[in-house]
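The values are calculated or read from the model by the stated rules, or taken from the named source; none is laboratory data. Values in this document were obtained by computation on a predicted structure and should not be read as measured data. Positions of Cβ are generated from backbone atoms using ideal geometry, with glycine treated the same way; all protein chains shown enter the neighbour counts.
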Amino acid sequence: ETGVTQSPTHLIKTRGQQVTLRCSSQSGHNTVSWYQQALGQGPQFIFQYYREEENGRGNFPPRFSGLQFPNYSSELNVNALELDDSALYLCASSPNGGPRMDYGYTFGSGTRLTVV
Amino acid sequence: AQSVAQPEDQVNVAEGNPLTVKCTYSVSGNPYLFWYVQYPNRGLQFLLKYITGDNLVKGSYGFEAEFNKSQTSFHLKKPSALVSDSALYFCAVSLGGGYNKLIFGAGTRLAVHP
């Protein structure tokens, strides 16, 4: 089975710009979560999508938004980029709305976003 | 508030020696506990989890962890460390069920020296 694929792998944006990150979930997984991992920190939950609807959100401002498509792939959009948005953005997928009992979530390799 | 603590930023161990990476948690309810490993420029790889049952769980690459409810701990262990085990290790907790985010610790860097 295929894993979780994220694109692009690296991205440099200017403060104030907008960015879109993409994630293809593992085959058969209808749940996608996004995490932000700042340098030297653990991943922080941004939001989760289940069957194309957001069903949970962390402490991130509304300029962080997302979409999930009928094929369960997903996008993370960030508007009005700030320097502190520089981080590794991780996408994770799982079946049926939550972590699998056997291995939790399957993570992609991430997109490294640098805001200058 | 739910939280996970990894009290050590870095753990140094000689190859062949046993290793322990510590994790404590604070959540309401019965937690699902996970350990993930991250290699440079890579995502997170699942190592092991505790959901219910035997407090000692065995995972990938010879790692194991012990769930201690009274001490709210879930320490990661390996009897004999390898240089290739050098990486960043994250403990995470979820409350399970439907939608449930993972709450991660800050991570512990494991350095295994030849």
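Out of (1) surrounded by fewer than 18 Cβ atoms within 10 Å (Cβ to Cβ); (2) over 19 Å from A:N96 (Cβ atoms); (3) without any contact (Cβ under 8 Å) to a residue 40 or more places away in the chain, what's the single condition that is false for A:A38?
Status for A:A38: all satisfied but (3).
Can you confirm whether the range A:46-54 contains a residue that is out of contact with any Gly (no Cβ under 8 Å at 6 or more places or on another chain) and crowded, with 20+ Cβ neighbours inside 10 Å?
No, that holds for no residue.
Wholly within chain A, which strands (runs of 3 or more DSSP E) include no fewer than the required count, namely at least 1 residues that are within 14 Å of another protein chain (Cβ to nearest Cβ) and within 24 Å of B:P40 (Cα to Cα)?
Those strands (runs of 3 or more DSSP E) span A:5-7, A:10-13, A:19-24, A:31-37, A:44-50, A:87-94, A:111-115.
Could you run through the range B:10-35 and say how many residues are outside any loop (DSSP other than H, G, I, E, B) and over 18 Å from B:F104 (Cβ atoms)?
Within the range B:10-35, residues that are outside any loop (DSSP other than H, G, I, E, B) and over 18 Å from B:F104 (Cβ atoms) number 5.
Has the range B:9-16 got at least one residue that is touching a Leu at 6+ places or on another chain (Cβ under 6 Å) and acidic (D, E)? Full working, then the answer.
Of the residues in the range B:9-16, the ones touching a Leu at 6+ places or on another chain (Cβ under 6 Å) are B:11, B:13.
Checking the rest, the ones that are also acidic (D, E) come to none.
No, because not a single residue in the range B:9-16 is touching a Leu at 6+ places or on another chain (Cβ under 6 Å) and acidic (D, E).
Please go through the range B:94-111 and pick out each residue that is at pLDDT 80 or above and either among the basic types (K, R) or closer than 19 Å to B:N68 by Cβ (or both).
Within the range B:94-111, the first condition is being at pLDDT 80 or above, and the residues that meet it are B:94, B:101-111.
Selection gives B:S94, B:K101, B:I103, B:G105, B:T108, B:R109.
Matching residues to (1) at pLDDT 95 or above; (2) in a loop (DSSP other than H, G, I, E, B); (3) of a type in the set (D, E, K, R):
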site: B:P7; (1), (2), (3): yes, yes, no
site: B:V37; (1), (2), (3): yes, no, no
site: B:F46; (1), (2), (3): no, no, no
site: B:F74; (1), (2), (3): yes, no, no
site: B:K77; (1), (2), (3): yes, no, yes
site: B:A92; (1), (2), (3): no, no, no
